[in-house]
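As structure tokens, the structure follows; a few thoughts come after it.
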Amino acid sequence: MPGRFIDAKRHELAIELVKQLKNKIPHLHLIFIGNGLKKQSITNSIIQHGLDKHISILDYTTYISDFYKISDLVIQISISEASNNVIKEALFYDKPVLACKKVGDFEDYLHGELLLDKQDPLKQLEKKIVSLSKDQNYYKLQVAQSKTKMISLFDMQNVGKAYDKIHQKLK
């Protein structure tokens, strides 16, 4: 779960998720990556709940792709986003992603199974993560469809042509 440690990213929800799943999926391990104002309070919450064996916190890194490669899933449960690159980057590496509906532009390219209820994502997150833990290919088709759609929308070959048209009109 890469992202700044701010309220909008809802790290506390992810901590609650791990509390609910740690006995169902004993090997579960969540990695928070980033920096921000709430980092220390999130660290304290992890320790307070005895989850330090299930949740790690890493500083911001420019080598985020290394973490996508080793991850089984990337979650983005923010309550507010613009056009977030975390989900696009994870899809590039063919990783399942889960993000909230009515946040940013996720609904423009994510397959419906990869979207969560914005107001109460925990039940869906739990169910989807349990499904993935039982079958690593559970979201393979949805990831492939979402990746294709994302690339069609954001690939520089396509976007560049649109910008060229706009610039030609400005001349």
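Worth a mention:
- With DNA, RNA and ligands ignored, accessible area of Leu13 (1.4 Å probe; Å², nearest 10): 40 Å²
- Accessible-area order (highest first, 1.4 angstrom probe) of the listed residues Glu107, Glu126, Glu16: Glu107, Glu16, Glu126
- Backbone N atoms of region 68-92 closer than 19 Å to the 7 Å Cα→Cβ label point of Ile166 belong to residues 82-85.
- Here Lys161 sits with roughly 120 square angstrom of accessible surface, probe radius 1.4 Å.
- The fraction of all Cα pairs in the chain landing in successive 5 Å bins from 0 to the largest distance is 1, 8, 17, 20, 21, 15, 8, 4, 3, 2, 1, 0, 0, given as whole percents.
- Under 5 Å, built H, 5+ apart or other chain: amide partners of Ile33: Gly3, Leu58
- Radius 12 Å from Cβ of Tyr60, net charge of other residues (Lys, Arg +1; Asp, Glu -1): +1
- Relative contact order of the chain, pairs being alpha-carbon contacts under 8 Å that are 6 or more residues apart, as %: 19 percent
- Arg4 accessible area, 1.4 Å probe, all protein chains in place, Å² to nearest 10: 140 Å²
- Counted charge near Leu37, where neighbours are those whose Cβ lies closer than 15 Å (Asp, Glu -1; Lys, Arg +1): +2
- Largest mean-square fluctuation among Tyr63, Tyr139, Tyr109, in a Gaussian network model of the chain whose springs join Cα atoms under 10 Å apart, belongs to Tyr63.
- Summing Lys and Arg as +1 and Asp and Glu as -1 over all other residues whose Cβ lies under 12 Å from the Cβ of Gly50 gives a net charge of +2.
- Shown for region 7-170: the carbon plus sulfur share of the solvent-accessible area, taken with all protein chains present and a 1.4 angstrom probe, equals 53%.
- Exposure ranking of Met156, Met1 by accessible area [1.4 Å probe, largest first]: Met156, Met1
- Look at the dipole of the chain built from charges on Cβ: of Ser133, Val103, Ser41, the Cα furthest out on the positive end belongs to Val103.
- Accessible surface, the chain, averaged per residue in Å² (probe 1.4 Å): 58 Å²
- When +1 charges are put on Lys and Arg Cβ atoms and -1 charges on Asp and Glu Cβ atoms, the dipole computed for the chain relative to its Cα centre reaches about 180 debye.
The values are calculated or read from the model by the stated rules, or taken from the named source; none is laboratory data. Just so it is clear, the model here is predicted, and its values are computed rather than measured. Every residue, glycine as well, gets a Cβ built from its backbone with ideal geometry; the counts of neighbours run over all protein chains shown. Remember, those area values only see protein heavy atoms, side chains included, never the ligands or the DNA or RNA. Shrake-Rupley method; radii C 1.70, N 1.55, O 1.52, S 1.80 Å.
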